[in-house]
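Every number here is computed from the coordinates shown, using simple stated rules; none is lab data. Keep in mind it's a predicted model, so treat the numbers as computed, not measured. For neighbour counting, all protein chains shown are included, and Cβ atoms are generated from backbone atoms with ideal geometry for every residue, glycine included.
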Amino acid sequence: MEIKFVSVKKNPLLNRKEVDFLIEQYSTKTPSRLEVKRKIAAEMKSSEETVFVKKMKTLTGSNITVGIANIYETSKIAELIEPEHIKKRNLKKEKKEEEAKK
């Protein structure tokens, strides 16, 4: 899996970076949000708690996935700004099961 950043915009009002990315996957399956989140965090030198993958779409008939992610300066800011459904999509599998039980 190779990730390329199409654009990185700094949004000082919301204390975040808005990233458009493109992934060329060499395997046949689309990478999971968690895999992409880890890769973006490593490439942008930030923690995983501050990265939120908002949208991912694999182009029909190709091995290319495009998407949008937000990288916040702190996790507290992210908790205030990101919608609840985006936060749930970016949780690890174990944490999703805990949330469902509540």
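Points worth noting:
- Just one of the listed residues (N15, N90) is at positive phi and in contact with a helix residue (DSSP H, G or I) (Cβ under 9 Å, 6 or more places away or on another chain), namely N15.
- Scan of segment 15-33 for residues that are under 30 Å from L80 (Cα atoms) and in contact (Cβ under 8 Å) with a residue 24 or more places away in the chain, ordered by number: N15, R16, K17, E18, V19, D20, F21, L22, I23, T30, P31, R33
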